[in-house]
Amino acid sequence: MNLPKISVVFKTTFLPTGATYYGVHDTTDISFGNPGFSDPYIGNGAKLIALAKQTGNRRSLFNVQALLVGTRAQCEDRLKSLLDNLDYTNPLTLNAVGGWQKGRPQTQAHKDGISQANSVALVGNQNAVGNKGPHIDIDTPSGTKLKWFNNGTQQKMIVCDLNDNPIKPEYKDWKLGKVHRNPHVQKRLEEIKAEHVEETDDE
């Protein structure tokens with residue numbers, strides 16, 4: 001059965017730094033941009049795609065929020081309004097200058113503007129001092145990995161080295177992975193990890 005498509009104005013936020021991207025997406029997923037989504041789309045901007053590749057194409061690092069559901073024309077009007085008011089000199093702005101609308105002739109000034117915005121945005125992609133919410137702890141240089149860790153009750157996305165060891169000493173006793181909401185499942189997961197470690201030590 002072919003489901004009808006909806007048009008959605010969305011905002012994508014790169015959780016580690018707070019960098020943002022705005023776009024319009026046509027989808028059959030009525031939960032797109034809300035909890036319970038099935039469509040993993042985050043946008044198609046050049047800087048956004050480059051950032052996704054730099055961080056291992058991990059969807060969990062990007063939060064997509066629906067801002068408006070309407071006709072395609074309504075969504076395009078809203079997007080244009082949003083893009084007209086963006087600060088393209090902000091390194092955390094992932095939309096390119098003049099990146100919308102497709103098919104518009106590109107003047108030299110337009111190309112120069114995109115080049116400048118791309119150069120500035122790379123700083124935002126590499127800076128790791130942006131958004132520090134309760135579930136993210138990141139104030140060390142990028143170039144390492146971001147992974148979920150927990151201490152049995154809390155969980156945070158923490159910067160770790162290539163061997164999955166937290167860099168900051170206050171997290172040295174935290175365990176890799178999220179805390180499962182069901183304590184019985186969490187206990188069994190810890191048992192499985194412990195059994196795996198024992199088997200590795202025996203080899």
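The values are calculated or read from the model by the stated rules, or taken from the named source; none is laboratory data. Worth saying up front: this structure is predicted, and the values here are computed from it rather than measured. Don't worry about glycine lacking a Cβ; one is built from the backbone with ideal geometry, like all the others, and counts go over all protein chains shown.
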Inset, instruction - Check off (1) without any contact (Cβ under 8 Å) to a residue 24 or more places away in the chain; (2) part of a strand (DSSP E or B) for L68 and give me the number that stays unchecked. - result: (1)
Legend entry - Among the residues listed as V129, V64, the single one being under 22 Å from the mean Cα position of the chain (by Cα) and at pLDDT 50 or above: V64
Legend entry - Selection count where residues are exposed (fewer than 14 other Cβ atoms within 10 Å of the Cβ), touching a Lys or Arg at 6+ places or on another chain (Cβ under 9 Å) and either farther than 25 Å from T55 by Cα or at pLDDT below 75 (or both), scope region 143-181: 1
Legend entry - Identity of the residue in region 8-54, touching a residue at least 40 places away in the same chain (Cβ under 8 Å) and surrounded by fewer than 18 Cβ atoms within 10 Å (Cβ to Cβ), that ends up nearest to K145 (Cα to Cα): Q54
Legend entry - Failed criterion for G56 (all others in (1) within 12 Å of the chain's Cα centre (by Cα); (2) under 16 Å from K11 (Cβ atoms) hold): (2)
Legend entry - Count of residues meeting criterion [within 24 Å of S7 (Cβ to Cβ) and either assigned by TED's automatic domain parsing to the domain that holds L146 or not small (G, A, S) (or both)] in region 28-60: 16
